[in-house]
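Q: So that we are looking at the same thing, I have put the structure below in structure tokens.
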Amino acid sequence: MYDPIEMAGETREVVCRGDRRKYYRFRPARFYGGIATADCVGCCLRCVYCWSWREVANPERIGEWHSPEHVASTLIGIAERDMPSARTEATRTDTCTSNGRESHGVHLVRR
């Protein structure tokens, strides 16, 4: 048995540096009519059927550091290349509280 809250803190120490985060790939996908997605490293859960177990279990050895601006520009590039009809707008959120927890990130909005 493990404590996912404690594991989240331990994972954060490995995968976050200031506003930079570790990602292991950027890619288009056909879901929801076409999306651009950034797959980050690390998770505080240990799901038996996890499709990215290698990345979850080895966050120290996998992935590269990226700023929110780099992630946003990469995702916009993927969206414009693979979904030419998409107009995208990136907005950075300095703080976003969800379920009482603070998070930082970049949100892409399809217009």
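The values are calculated or read from the model by the stated rules, or taken from the named source; none is laboratory data. Being a predicted model, the structure only gives us computed values, none of them experimental. Reconstructed Cβ throughout: ideal geometry from the backbone, glycine too, with neighbour counts over all protein chains shown.
Q: Give the residue that is nearest to GLU64 (Cα to Cα), with candidates limited to residues of segment 14-46 that are charged (D, E, K, R) and assigned to a strand (DSSP E or B).
A: In this case the residue turns out to be LYS22.
Q: Would you call ARG21 surrounded by fewer than 18 Cβ atoms within 10 Å (Cβ to Cβ) and not polar (S, T, N, Q)?
A: no
Here is a yes/no grid of residues against (1) under 12 Å from the mean Cα position of the chain (by Cα); (2) modelled with pLDDT under 55; (3) surrounded by 11 or more Cβ atoms within 10 Å (Cβ to Cβ):
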position: THR37; (1), (2), (3): yes, no, yes
position: CYS40; (1), (2), (3): yes, no, yes
position: GLU55; (1), (2), (3): no, no, yes
position: SER67; (1), (2), (3): yes, no, yes
position: GLY77; (1), (2), (3): no, no, yes
position: THR93; (1), (2), (3): no, yes, yes
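Q: Check GLU55, GLU6 and return the single one that is touching a residue at least 24 places away in the same chain (Cβ under 8 Å), among the acidic types (Asp, Glu) and outside any loop (DSSP other than H, G, I, E, B).
A: After ruling out the rest, the residue left standing is GLU55.
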